[in-house]
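A.B. asks: Before I ask anything, here is the structure I am working with.
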Amino acid sequence: MIMDYETLKLVWWILVGVLLVGFMITDGFDMGACVLLPFLGKTDTERRIIINTVGPHWDGNQVWFITAGGALFAAWPAVYAVAFSSFYFAMMLVLFALFFRPVGFDYRSKIADPRWRSTWDWGLFISGSVPALVFGVAFGNLLLGVDFYLDDFLRPNYTGSFFGLFHPFALLCGVVSLSMLTAHGAIWLQMRADQPIADRAGRAGIIALIIMLAAFAGAGLMLLQGMPGLHIDMMPAKDAMPNPLSKQVSIVDGAWLSNYATYSWMIAAPVAGFVMGLLTLLLVKARRSGLAFACNSLTMTAIISTAAFSLFPFVLPSMTSPNSSLTLWDAASSHLTLNVMFIAAMIFVPIILLYTLWTYRVMWGRVTSKQIEGNPLSY
Amino acid sequence: MITEEVVDLSRLQFAITALYHFIFVPLTLGLAFLLVIMESVYVMTRKQVYKDMTQFWGKLFGINFALGVTTGLTMEFQFGTNWAYYSHYVGDVFGAPLAIEGLMAFFLESTFIGLFFFGWDRLSPRRHLMVTFLMALGSNLSALWILIANGWMQNPVGAEFSYETMRMEMTSFADLVFNPVAQVKFVHTVAAGYVTGSMFVLSISAYYLLKKRDLPFARRSFAIASAFGLASILSVIVLGDESGYELGDVQRTKLAAVEAEWDTHPAPASFTLFGIPNQETMTTDYAVKIPYALGLIATRSLDGQVTGIKDLIIAHEIRIRNGMIAYDLLTKLRAGQTDEVTIAAFEAVKKDLGYGLLLKRYTENVIDATEEQIKLAAQDTIPNVTPLFWSFRIMVASGFTMLLIFALAFYFNATRKLESKPRFLKAIVWALPLPWIAAETGWVVAEYGRQPWSIGEILPTHLSTSTLEASNLYISIGALVSFYTLLLVIEMYLMFKFARLGPSALHTGRYHFEEKSTDNKSHQVPSEGGAV
């Protein structure tokens, strides 16, 4: 074993975060580009330019999402089980939206008929906007608490409803994630698409960033109003065999803010969210899209970290059965599995980053109409 | 609420989505390597026709791949959405190969498929070949990890149940990876994929040869497909899945069901070629038998015995009774009675806990199960014989028919008699569905034959589902089936369109539908999207 169990549990909390951030940075921009596709592309050629900026990369990007799901399954099986089955229809909604991606990208260009193409354009719009919105709503529901309980044999039972997920706070979180990914897609297009799309994308990016900052502030204000959170009264040692039912948890108003008092450095995350967000906005305005892209990646990291820090050490709270709530200490896999997965991640993540960067380098440059028309294999 | 209806619907949804997914996967596995072969020849000879072949078959590969990715997403979601208790109970072991599949294989495949399509003008031929190779390697490694996960469901090695965490926990990653059942399945499945890819190229090339179109292109494609296909089909048959059938109790039971082997016969057992199995009376009517064959195939020996269904049921009943004791002890342990005596007693019988859980279908309180319920649970340990018996035979028949086709195709191609045999070419075109029939029936044998277990001898399928309402499942199944069918229709339409069009789809100006018009801009191509 490389590390003791307690450390490894904490490391996996960070690693799940890293995969989520990896997903937001990579898949985020192609989802954002899909959200903007029907609005920024006025003609078929313009739309094809937008699609072809992400054409070589969307599939690899999507694997961040798939791997994050796989890592959740392997490192936090209980979280994977409870989250996916409790959010049954929300997950189905995301799944069906994602169906439009591979076929939308690949099949759209195969037939010239305008109705065919416009259908896939809206399909791609759904594939970008619905998951982006639902992810935020899901995060909002983590802070609100998911209505589930575990029975004696740790079988998860969901007592909430699909429509119950659309609480105003959750919707606000949905707006944060949707506008965040849309902004990311806009910056990508400002950087990679030919004119006039790049300029339109810049303007769209500024609007999206303003909405994102406002919604993030709004969600923060709702938390500051003393939204109920969870407090651990008693729990087994952090390196104990994971058993969620062996702890005592109570509901306390404003508990989601208590970490910022205990670990004051955590305040850096929400502050960075605002500062980097504003900086991104200025950079987009100045058309420094490369820097803006990097800056926005940090903004997203800060915003996701804010949610994670607020919940810590919880990862899936239940307000209806607080003791059933899952924390990073009691929802984790065994020491051996975490260790094996850690080694696998240490070997493969750097390799993945290397070849991914190489493919971006090969395809770098603005996508122009001339390029697309000269290449029979482009989308 | 988990009712029988919820369990049945969850199984139905899983079967439908897996069978849909498995329409696309074998073709991806096989075509990827055919693309590597074609492009390698291009890099070595620099003959344009091989580049055209890589690009054209690559185009069809892309159409197929899109739906492979689409339907694959569902598989990953589904373990969590519909099999939540399964995910909790075995995620510690089963999740690891899935996550590693993402890290090691799927990233590789998906990142390089982008460059495969978009990188032709930006990469040197050698580099592009490397990209194609890495994409093919990724898809095959992907199959490896998925089958390690699946092999563990069939033969769960390298893991132990822990009463504290109420789940299976990994004890040896090496045992999980080197699970012999997984190894056998991997070889069998990828080779079947190569057969599928070869049959695909062979049939469509035969169509061009029949139409006397783009002959140099078609001949070369045909030659590569016939050679690669012959080697692959031989591997599938020789390294058949049944060589793993003596590993673990689930596989043994599956073998007995597949062969409708009711009684244990003295070795070597005979093989029932045809017959009508009857599970009620435990006999096979009108059986046509080949002496010694089953013993030889299944045990690879003359003295290995194939255990019959009746004896398996007797053995399983004993384990169910043991499992009741294990369940009783587990309840005590969960209630906090964790003294050394109880722990030791539980450790001694916990290998039969899964058998005890089979009774959950009949009674909430396993400890009080009646004699009748125990008998019913013992019967449940045998999967339905008839569908397995026939699926297996359809698979094997398809396999041997393909062996004949590939052997003849290879021979006629080598002796240059191919184009004077239009009836044979026509037969090849019509043989196109065979690898899919074999693959889908093969899935049924492997997974339906695993019942009543989701994890062999560990976790019964009926306990594995999420706590859902039946209405949830009716909605999701309805939506999935309609959406998938719509996508499949679109996919088939595009496949037929481009397969009929042939290499003219590349707009190089060198092929059949383009030669007639010297003016490149007025496309004489039937219904082809001009802007592609």
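Quick note: the coordinates plus some simple rules give every number you see, no bench work behind them. Owing to the predicted nature of the structure, the values given are computational and were not obtained by experimental measurement. So basically every Cβ, Gly included, is an ideal-geometry build from the backbone, and we count neighbours across all protein chains shown.
A.B. asks: With the contact rule set at Cα under 8 Å and sequence spacing of 6 or more, what percent relative contact order holds for chain B?
C.D. replies: 19 percent
A.B. asks: Looking at the range B:397-498, I'd like the Rg to Rh ratio, where Rg is from alpha-carbon atoms and Rh is Kirkwood's inverse mean 1/r.
C.D. replies: Here the Rg-to-Rh quotient is 1.17.
A.B. asks: I need the semi-axes of the equivalent ellipsoid of the range B:35-174: take the C-alpha gyration tensor, multiply each eigenvalue by 5, square-root it, list largest first in whole angstrom.
C.D. replies: Rounded to whole Å, the semi-axes are 39, 15, 11.
A.B. asks: By how many nm would the segment from B:Glu160 to B:Leu234 lengthen if fully extended, with 0.36 nm per residue of separation less the alpha-carbon distance?
C.D. replies: Working it through step by step, the gained length comes to 22.9 nm.
A.B. asks: Can you pull the semi-axes for the range A:213-340, root of five times each eigenvalue of the Cα gyration tensor, sorted largest first, whole Å?
C.D. replies: Its equivalent ellipsoid spans semi-axes of 33, 19, 10 Å.
A.B. asks: On to the next question. In nm², what is the average projected area of the convex hull enclosing the Cα atoms of the range B:312-380?
C.D. replies: Directional mean of the projected Cα hull area for the range B:312-380 stands at 4.3 nm².
A.B. asks: By how many degrees, between 0 and 90 and to the nearest 10, does the Cα long axis of helix B:385-414 differ from the longest principal axis of chain B?
C.D. replies: 30 degrees
A.B. asks: I'd like the projected area of chain B, averaged over all directions, using the convex hull of its alpha carbons. Report it in nm² with one decimal.
C.D. replies: 27.7 nm²
A.B. asks: Also, I was wondering about something else. If each Cα of the range B:193-243 is one equal point scatterer, what is log10 of I(q)/I(0) from the Debye formula at q = 0.28, 0.31, 0.32 Å⁻¹?
C.D. replies: -0.94, -1.05, -1.09
A.B. asks: If you take every DSSP beta bridge whose two residues both sit in chain A, what share of them, in percent to the nearest 5, is antiparallel?
C.D. replies: Restricted to chain A, the bridges split so that about 90 percent are antiparallel.
A.B. asks: Helix A:335-363 versus the longest principal axis of chain A: what angle, 0 to 90°, nearest 10, using Cα atoms?
C.D. replies: Once rounded, one gets 10 degrees.
A.B. asks: When the C-alpha atoms of chain A are aligned to their principal axes, what extent does each axis show, in angstrom, from largest down?
C.D. replies: Largest to smallest, the principal-axis extents are 65, 41, 37 Å.
A.B. asks: Just need the Rg to Rh number for the range B:265-306, please, alpha carbons only, Kirkwood Rh.
C.D. replies: With Rg and the Kirkwood Rh in hand, the quotient comes to 1.04.
A.B. asks: Something else about it: To the nearest 10 degrees, how steep is helix A:44-54 against the longest Cα principal axis of chain A, on a 0 to 90 scale?
C.D. replies: 40 degrees
A.B. asks: Report the trypsin sites (Lys or Arg not before Pro) located in the range B:168-223 that are in a DSSP loop and have at most 13 other Cβ atoms inside 10 Å of their Cβ, or state none.
C.D. replies: Passing both the DSSP loop test and the Cβ count: B:Lys212.
A.B. asks: Hey, another quick one. Which number comes out as Rg/Rh for the range B:238-395 once both Rg and the Kirkwood Rh are worked out on C-alpha atoms?
C.D. replies: On the Cα set of the range B:238-395, Rg over Rh gives 1.08.
A.B. asks: Please give the per residue volume of the convex hull enclosing the alpha carbon atoms of the protein assembly as shown, rounded to a whole number of Å³.
C.D. replies: 160 Å³
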